[in-house]
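The values are calculated or read from the model by the stated rules, or taken from the named source; none is laboratory data. Just so it is clear, the model here is predicted, and its values are computed rather than measured. Every residue, glycine as well, gets a Cβ built from its backbone with ideal geometry; the counts of neighbours run over all protein chains shown. With ligands, DNA and RNA removed, areas are computed over all heavy atoms of the protein, side chains included. Shrake-Rupley method; radii C 1.70, N 1.55, O 1.52, S 1.80 Å.
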Amino acid sequence: FPVTIRVAILATDMSPYSPSRTRSVLLQSGIGLVSRMGAVAATLAATPLMLALLGGQQMGAWLVLLSVFQWITMFDLGIAAGARNEIARAVAVRDELRVRQAITTGWFYVAAISVMLFMVAAGILALTPLSDWLGQRVFNGVDVTITLWLIVGGACMTFALNFIQSAYAAMEKASAFSLFSLVVNVGFLLLLVLAHFWSIYSMESVAVMYIVAMFCGNAWLILQFRRSYPQYMPDRHSINHELSGIIVKFGLRLFIIQLAALVIFTTSRLLTSAWLGPESVVIYDAGFKVFSIVTMVHTLLMSTIWSSFTQAFERGEFSWIRQTLRRLELLMLPLIAACAVLAVCSPSIVHHWLGNAQVGSISLYAILAITTILGCWSNIYAYLLNGVGDTRVQMISAVFAGAINIPVTYFFTRMLDMGLTGIVLGTLVSLLPFSILGPYAVRKLLSEHE
C-alpha cells in the first residue's frame, strides 16, 4: 500500500499541473485505500454470515444471481464511460456549462436505458419459463423465481443511480467508487446481522437487503454531490443532443468491450454451477475474493488516474503520461510478489475464513494468481486507452476473447477434467491477446500524437 501511494506521487510530478494533480491523486488514493479496506473487511465478514443463513447450495445460487445483478448494472451501452470522458475534457478546459451538459445528457440516456432494460427483462421473465429452467438445470432444484424478479428490478434501479460515480471520477474524485463500496458493504453486513438475529433464512431476503444497501449508497453519493457541486446538478434544459452523439459513439465501442468482459467473468460462475454444482461456486468465489484484494488496490489507483490521463492528453502532457506508464509498470513487481504470497497462503486463509470444505486446490490458486497479474497488467493500458477514447485494439481483442472463452473453458474443464482450475484457466487464456496488444497500441498512440 505505501508503494501504491509513492507511485501515485512520483507519477504526477512531470508537468506544470503536477502540484495540484499530485495532491489530488494522493488524496484520492488515500481516501480510496482506507474505504476499500473497510469495504473488503465488511465483505469478508458478510460471507460466512451468508453461508450460515443460506447453506452451500443456496449461497452458490445467490452468487451466480449476484453476477447477473452486476451484469445488468453495467448494461448501459458504455454511456457512463463516454460521459465520463466528456466531463473530464470539459473540466480540463474549465467549461462549466459543458460539464453540466455532459452530466445531464449522460444521466438522461442511462436512465432511459434503465427503464427499457427493465421492460425487456420483465417481459422475458413473465413470458418464458426461464426461472424454472434455471432452478432445475443450473441450480439443482433451488427456486429462484422471486429472487430473479428482485435482481432485475434492483439492478435496473441501481445502474441508473450508479452514474453519479462516473461524474465524481471524471473530476478526479475516483474515491467515490471506494466510498460507495464501503457504505454498501457495511450496510449489507449490518442487515445480514439483523437477519441472523431474527432468523431470516431465505435468498429473497438477502436479495432485498443487498438492493437496499445499494440504494442507500447511491443516495448518499447523490446528496454529497448536490452539496459539493450544485452548479453541475442535472436539469432538463441542459440535455445536449449534439453532445449525446459523441457520448453514444464512444460508449457503444466501450460497451462491446464491457460485454466481452462480462461474458468472460460472469459466465465463470454460471458455468461452474452448471458443470460442477452450485457448491463449487462458493469455492471459486472464495478464491476470487482473496485475490480481489490485489485487484482492488490496483484498480483504485487506475480509477484515480483514468481521468488524469484524459486531461493530460487534452493538454498535450505526453511526458507525464510516459512517466506515469513507467511507474505503473514498475508497480507490477510488488504486485507479482503479493500474488505469489497469496497463492501459497490461500488454502490457509480460506480454511480459517469459511472452513475446510471451501478450500480449493493449489493449482486453482496458482492460476488465479497468474490471472490477477495478467488482468492488472492489461488494465494499465486499457485505462489509458479508455481515457483518451481510443478503443480499437481493445474492441478487437475483447470480441476475440469473448468468442473463445466458453469453448476454451469447456475444453479445460470438461474434456481435460480440470474442474475449477479449468474454469479459471479459460479466463486466463481469454485475457492473453490484449495483454500483448495493449502495450503496443499505447506506444503507437503516443508516438503518433507526440
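Averaged over all directions, how much area does the convex hull of the C-alpha atoms of the range 46-203 cover when projected, in nm²? List each step's numbers first, then the result.
Working: hull surface 40.5 nm².
Hull-based average projected area comes out at 10.1 nm².
Scaled against the 2.2 N^0.38 Å expected of a compact globular protein of N residues, the Cα radius of gyration of the range 374-449 reads 1.27. What the Kirkwood sum gives for the chain is a hydrodynamic radius of 22.6 Å, with every pair of different alpha carbons counted. Using alpha carbons only, how many degrees (0 to 90, rounded to 10) separate the axis of helix 392-410 from the longest principal axis of the chain? Its long axis makes an angle of about 10 degrees. Relative to the dominant Cα principal axis of the chain, helix 96-127 is inclined by about 20°. In the complete set of protein chains, residue-level accessible area for residue 370 is approximately 90 Å², probe 1.4 angstrom.
Rounded to the nearest whole Å², what accessible area per residue is found for the range 330-450 with the 1.4 Å probe? Could the numbers behind the result be given before it?
Values: 5360 Å² over 121 residues.
For the range 330-450, the per-residue accessible area is 44 Å².
Modelled label positions at residue 414 and residue 449, each set 7 Å beyond Cα in the direction of Cβ, lie 4.4 nm from each other.
Which of the chymotrypsin sites (Phe, Trp or Tyr not before Pro) found in the range 127-200 are in a DSSP loop and have at most 13 neighbouring Cβ atoms, other than their own, within 10 Å?
In loop regions of the range 127-200 (DSSP not H, G, I, E or B), the sparsely surrounded chymotrypsin sites (Phe, Trp or Tyr not before Pro) are 198.
Subtracting the Cα-Cα distance of residue 319 and residue 196 from 0.36 nm times their residue separation leaves 38.8 nm of extension gain. The angle between the Cα long axis of helix 278-314 and the main principal axis of the chain comes to about 10°, on a 0 to 90 degree scale. Length gained on full extension, residue 329 to residue 126: 68.1 nm, using 0.36 nm per residue less the C-alpha separation.
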